[in-house]
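Only the coordinates and a few stated rules stand behind these numbers; no lab work does. Remember, it's a predicted structure, so these values are computed and weren't measured experimentally. Heads up, the Cβs are rebuilt from the backbone with ideal geometry, glycines too, and the neighbour counts pull from every protein chain shown.
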Amino acid sequence: MSPAAALIAILAVGLGSYIMRAVFIIALANREIPPSVVSALEYVAPAVLASLVVSLVVDAQGRLTIGIPEILALVAGSITVWRSRNYLLSTIVGMAVLWIVSAIA
Amino acid sequence: MSFNRSMFRRGVGEAIPIFITVVPFALVLGLAVVNSGLDPLIGWSSSPIIFGGAAQLVLITLLGSGTAVAAATAAGLVVQARHLMYSAALAPIFQKQPRWFQWLGPYSLIDQVFAMAMTRADEDPDAFRAYYLGASLVYVVGWNATTALGLIVGPRVPESWQLDFAIPLIFLALLIAGINRRTKVVAALVAAAATYLTMGLPNRLGLMIGGIAGVAAGVIAQRMER
């Protein structure tokens, strides 16, 4: 892979990323957006975040790529953030559970 | 138009702990650049140019394995497609923003900034903008710095630390913290199921399908609730 070819690919993905991030924000800047659409868009965050989590723990054949320690870590992190709303704390708890359970198992 | 310093600081303050969980991913990306055999500086330049870890990782890995430029570019773009949904979701909020911010804000619209911004959707425009800029500053500076560091440190972190597991942990935490009504639980569960069923599709298309299915399920659940 020549440096120039790699840089062209990076620039193309960078430009495409900016366009995808900006397109609706700029195109809809001065247009009325129907209330039903606005209320539907509230579901983008939970839907995509849930999809991201699944995509990180399941392989192309639909098998779980994580084991018991990771599952317990996700549960512990989830409970922590639900109670505390503290992301750093939930990540520390999750990673601690992962390391401790992995060490025991 | 005034600059709301306290909301700017709040954006910085709330972004830092979330950014810390991204550091392992930055190290993994550094490792991927080194392993790809690409010129390290060019590999790193994907951080300021693309500013999106998942797409960078996919693109760098494919380029390193000798995939044709067009195919690698297409794969990188498909991974980024969920940002179309973020752009649409933020459009109503950005309507109240000045033109310059409508053009600047999208540059730093990554998963974490989007999830944080949605929690501040009801702030007044000046406060929202200051918060968004504060959070964005943390990620832009932090991501560029730590991916550079990752070129050196990435290859030295023992795999047994499983630092990259912080990524699903933080996405799940962002998901749970954003749930304020039952219909969002429905959206999340349907999205998860749809993604699970479509994981076999190439280029993480399952992410888009899951996102669309989840939004549809949320809307239907909301109608049934009334």
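Our note on the geometry: Cα centres of segment B:95-110 and segment A:34-105, 29 Å apart.
Which value results when the Cα radius of gyration for chain B is divided by 2.2 N^0.38 Å?
On the way: Rg = 18.3 Å, N = 226, 2.2 N^0.38 = 17.3 Å.
Compared with the compact-globule rule of thumb, chain B sits at 1.06.
Residues in segment B:1-25 near a label at B:L149, defined as backbone nitrogen under 14 Å from the 7 Å Cα→Cβ point? Counting backbone N atoms under 14 Å from the label point, the list is B:16-25. Cα extents for segment B:62-196 along the principal axes, largest to smallest and rounded to whole angstrom: 46, 37, 33. Using only alpha-carbon positions in segment B:121-183, the gyration tensor eigenvalues give semi-axes of 31, 21, 5 Å once each is multiplied by 5 and square-rooted (largest first). Extension gain for B:N35 to B:A121 (0.36 nm times residue separation, less C-alpha to C-alpha distance): 26.9 nm.
Loop-located trypsin sites (Lys or Arg not before Pro) in segment A:36-95 (DSSP state not H, G, I, E or B) with no more than 16 neighbouring Cβ atoms inside 10 Å: A:R63, A:R85.
Is there a simple number for the mean count of other chain Cβ atoms within 10 Å of the Cβ of residues in B:101-108, and what is it?
4
Per-residue Cβ neighbour counts within 10 Å put A:S2, A:S39 in the sequence A:S2, A:S39, beginning with the fewest. Placing unit charges on the Cβ atoms only, positive for Lys and Arg and negative for Asp and Glu, gives segment B:55-134 a dipole magnitude near 180 debye about its Cα centre. For the residues B:A88, B:A213, B:A32, a GNM of chain B with alpha-carbon springs under 10 Å puts the largest fluctuation on B:A88.
Using the Cα coordinates of segment B:12-127, the gyration tensor eigenvalues translate into equivalent-ellipsoid semi-axes of 30, 17, 11 Å, sorted from longest to shortest. Could you please report the charge total around B:M7, scoring K, R as +1 and D, E as -1 over all other residues with beta-carbon less than 11 angstrom from its beta-carbon? With Lys, Arg at +1 and Asp, Glu at -1, the net is +1. Across peptide B:20-29, the average count of Cβ atoms from other chains found within 10 Å of a residue's Cβ is 1. For chain A, the pair-distance distribution built from all alpha carbon pairs, in bins 5 Å wide starting at 0, is 2, 10, 10, 13, 13, 11, 14, 14, 9, 4, 1, 0 percent.
Simple rule: put +1 on each Lys or Arg Cβ and -1 on each Asp or Glu Cβ in chain B, find the dipole, and look at B:A26, B:A68, B:I179; the Cα lying farthest toward the positive end is B:I179.
Sorting B:M199, B:M116 by the number of Cβ atoms found within 10 Å of their own Cβ, with the fewest placed first, yields B:M199, B:M116. Placing unit charges on the Cβ atoms of the charged side chains and taking the dipole of segment B:135-226 about its Cα centre, the candidate lying farthest along the positive direction among B:V138, B:G218, B:G154 is B:G218. Taking all C-alpha pairs of segment A:33-95, those more than 18 Å from each other amount to 54 percent.
Could you give the dipole magnitude of the protein assembly as shown about its Cα centre, charging the beta-carbon of Lys and Arg +1 and that of Asp and Glu -1, in debye to the nearest 20?
600 debye
Under the convention that each Lys and Arg Cβ holds +1 and each Asp and Glu Cβ holds -1, the size of the dipole of chain B around its Cα centre is about 560 debye. On the principal axes of its alpha carbon atoms, the protein assembly as shown extends 51, 48, 40 Å, with the longest extent given first.
Counting, for every residue in B:209-221, the Cβ atoms of other protein chains within 10 Å of its Cβ and taking the mean gives 5. Between the C-alpha center of segment B:181-226 and that of segment B:55-84 there is a gap of 24 Å.
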